[in-house]
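Scroll down for the structure; my scribbles are underneath it.
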Amino acid sequence: MKIHEYQAKALLAQYGVPVPRGKAVFSVEEAGAAARELGGSVVVKAQIHAGGRGKGGGVKIARDAAEATEIAGRILGMTLVTHQTGPEGRLVKRLLIEETLPIERELYLGMLLDRATGRNVFMASAAGGMDIEEVAAKTPEMILKEWIEPGAGLMGFQARKLAFGMGLEGGAVNAAVSAMQALVRAYEGLDATLAEINPFILTRDGRAVALDAKFNLDDNALYRHKNLMELRDLNEEDPLEVEASKYSLNYIKLDGNIACMVNGAGLAMATMDIIKYAGGSPANFLDVGGGASAEQIKNAFRILLADSSVKAVLINIFGGILRCDTLAAGVVSAARDLSIAAPIVIRMEGTNVEAGRRILAESGFNFTVADGMKDAAEKVVRLAR
């Protein structure tokens, strides 16, 4: 689950990460009041779930409350386009009004799971304020890494090694070490999947502050943090993905034209791969899970077909807990109730597969039954064209 910058900073502050004074606002009037409360110059920052906001015109400095009000009027309600939003952009519905700080240096701090080692890795770089992906591609030696042992946190010697590696000296080392260790405590304590501070700044008056913050939370751990559910902003999520989550369906929209319905994440990935291998392009990732009911199958179909780009549907099921006859009954029910016009290719193997094929054959619908994954991919690509 992604959250906004101001929400991330509030969580980080609870763990001791230093953040600027600021306030989230939802109207022009609130923006002016927040700027007056903070006093002096402020930064007006659009709050959307995407990076590159500054380059897109979503981050502006105001000299006083009057200018903050004027800038807020321009940014609130704008469609902000960045390299992460895609050309359609995101509608700005909330802002963060924040104090300005005397920046001396900009650094980068980040943490995520390194799947190659099965451990969390803490990253730091002196190239803060830049696109970290560009730094990694062009000058990977500038990204310093320390792997964290489970239960140990970021050890003092590791944090100091990172600080020295970024060229810090004197009191800046202790300030950075404290912030880095606090960031790790927040990441682990909140079951995050990504924590990023870019830039992490050193000020001319000797402070170390998280000037920006990106924080993603593990959906599967939210049962342990029920209070964090209120941070979810449905306006920032794809409507079809929101709808799928209501029925416990794992759905991610993609940019192709062949819809996929699969049980099991591994099989779903393999299905998307074989569609590409056959010359097609998947329109989504949809894992209905091992215990899907006929009603869930029907809802999955409704969500798949709500995507106007879909020209054909591939159902690839290995029947285990989800029996093939249950799947077939759900498909037939969906075809009858939803008036499905798109061609449907079905590949089934496993428990009650013969019963499932019989249900499809006797349904009266013109389903295309495939013999194996390769055959299914070739048929659905041909039908989509």
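The values are calculated or read from the model by the stated rules, or taken from the named source; none is laboratory data. Keep in mind the model is a prediction, meaning the values are calculated, not measured. Positions of Cβ are generated from backbone atoms using ideal geometry, with glycine treated the same way; all protein chains shown enter the neighbour counts. Heavy atoms of the whole protein, side chains included, go into the accessibility calculation; ligands, DNA and RNA do not. Shrake-Rupley method; radii C 1.70, N 1.55, O 1.52, S 1.80 Å.
If you check every pair at least six apart or on different chains, which have Cβ atoms under 7 Å apart with a residue in the range 227-249 that is in contact (Cβ under 8 Å) with a residue 60 or more places away in the chain first and a residue that is surrounded by 15 or more Cβ atoms within 10 Å (Cβ to Cβ) and of a type in the set (Asp, Glu) second?
240/307
Report, by residue number, each residue of the range 310-328 that is of a type in the set (A, V, I, L, M, F, W, C) and open to solvent by 40 Å² or more (accessible area, probe 1.4 Å). Break it down stepwise before answering.
Looking only at the range 310-328, we keep the residues that are of a type in the set (A, V, I, L, M, F, W, C), and these are 310, 312-315, 317-318, 321-322, 324, 327-328.
Residues satisfying the conditions are 318, 321.
Do any helices (runs of 4 or more DSSP H) entirely within the range 274-385 hold 3 or more residues that are touching a helix residue (DSSP H, G or I) at 6+ places or on another chain (Cβ under 6 Å), and if so, which?
Details: elements: 294-305, 324-338, 353-361, 373-384.
Where helices (runs of 4 or more DSSP H) fall fully within the range 274-385 and carry at least 3 residues being touching a helix residue (DSSP H, G or I) at 6+ places or on another chain (Cβ under 6 Å), they are 294-305, 324-338, 353-361.
Note down all Cβ pairs under 9 Å where the first residue falls in the range 328-349 and is touching a residue at least 60 places away in the same chain (Cβ under 8 Å), the second is not β-branched (Val, Ile, Thr), and they're at least six residues apart or on different chains.
Correct list of pairs: 342/259; 342/304; 342/305; 342/311; 342/312; 342/383; 342/384.
Report yes if residue 123 is touching a Ser or Thr at 6+ places or on another chain (Cβ under 6 Å) and free of Cβ contacts under 8 Å to residues at least 24 places away in the same chain, otherwise no.
For residue 123, the condition - touching a Ser or Thr at 6+ places or on another chain (Cβ under 6 Å) and free of Cβ contacts under 8 Å to residues at least 24 places away in the same chain - is not met.
Among (1) open to solvent by less than 40 Å² (accessible area, probe 1.4 Å); (2) touching a helix residue (DSSP H, G or I) at 6+ places or on another chain (Cβ under 9 Å); (3) within 30 Å of residue 105 (Cα to Cα), there is one condition residue 207 misses while meeting the rest; what is its number?
Answer for residue 207: the failing condition is (1).
Mind counting the residues in the range 184-201 that are open to solvent by less than 10 Å² (accessible area, probe 1.4 Å) and within 14 Å of residue 107 (Cα to Cα)?
3
Can you tell me which residues in the range 155-179 are part of a loop (DSSP other than H, G, I, E, B) and more than 30 Å from the chain's Cα centre (by Cα)?
Within the range 155-179, 167, 168, 169, 170 meet the criteria.
Could you go through the range 65-88 and let me know if any residue there is touching a Ser or Thr at 6+ places or on another chain (Cβ under 6 Å) and surrounded by 15 or more Cβ atoms within 10 Å (Cβ to Cβ). Write out each step before concluding.
Here is the first cut: in the range 65-88, the residues touching a Ser or Thr at 6+ places or on another chain (Cβ under 6 Å) are none.
Among the residues of the range 65-88, not one is touching a Ser or Thr at 6+ places or on another chain (Cβ under 6 Å) and surrounded by 15 or more Cβ atoms within 10 Å (Cβ to Cβ), which makes the answer no.
With the requirement that a residue be open to solvent by 50 Å² or more (accessible area, probe 1.4 Å) and among the acidic types (Asp, Glu), what does the range 239-289 give you?
The answer is 241, 255, 273.
On the basis of being closer than 23 Å to residue 61 by Cβ and without any contact (Cβ under 8 Å) to a residue 24 or more places away in the chain, does residue 79 make the cut? Break it down into steps so the answer makes sense when it comes.
Working: closer than 23 Å to residue 61 by Cβ: yes; without any contact (Cβ under 8 Å) to a residue 24 or more places away in the chain: yes.
So residue 79 passes the test.
Of all residues in the range 1-59, which are open to solvent by 40 Å² or more (accessible area, probe 1.4 Å), part of a loop (DSSP other than H, G, I, E, B) and without any contact (Cβ under 8 Å) to a residue 60 or more places away in the chain?
If we filter the range 1-59 for residues that are open to solvent by 40 Å² or more (accessible area, probe 1.4 Å), which is where we start, we get 2, 6, 10, 13-16, 18-19, 21-23, 26, 28-30, 33, 36-37, 40-41, 54-55, 59.
In the following step, the residues that additionally are part of a loop (DSSP other than H, G, I, E, B) were identified as 15-16, 18-19, 21, 26, 40-41, 54-55.
Those that are open to solvent by 40 Å² or more (accessible area, probe 1.4 Å), part of a loop (DSSP other than H, G, I, E, B) and without any contact (Cβ under 8 Å) to a residue 60 or more places away in the chain: 41, 54, 55.
If residue 117 meets every condition in (1) open to solvent by 60 Å² or more (accessible area, probe 1.4 Å); (2) outside any loop (DSSP other than H, G, I, E, B) apart from one, which number is that one?
With (1) open to solvent by 60 Å² or more (accessible area, probe 1.4 Å); (2) outside any loop (DSSP other than H, G, I, E, B) applied to residue 117, the lone miss is (2).
Just to be sure I understand, how many residues within the range 290-309 are hydrophobic (A, V, I, L, M, F, W, C) and either more than 23 Å from the chain's Cα centre (by Cα) or open to solvent by 40 Å² or more (accessible area, probe 1.4 Å) (or both)?
6
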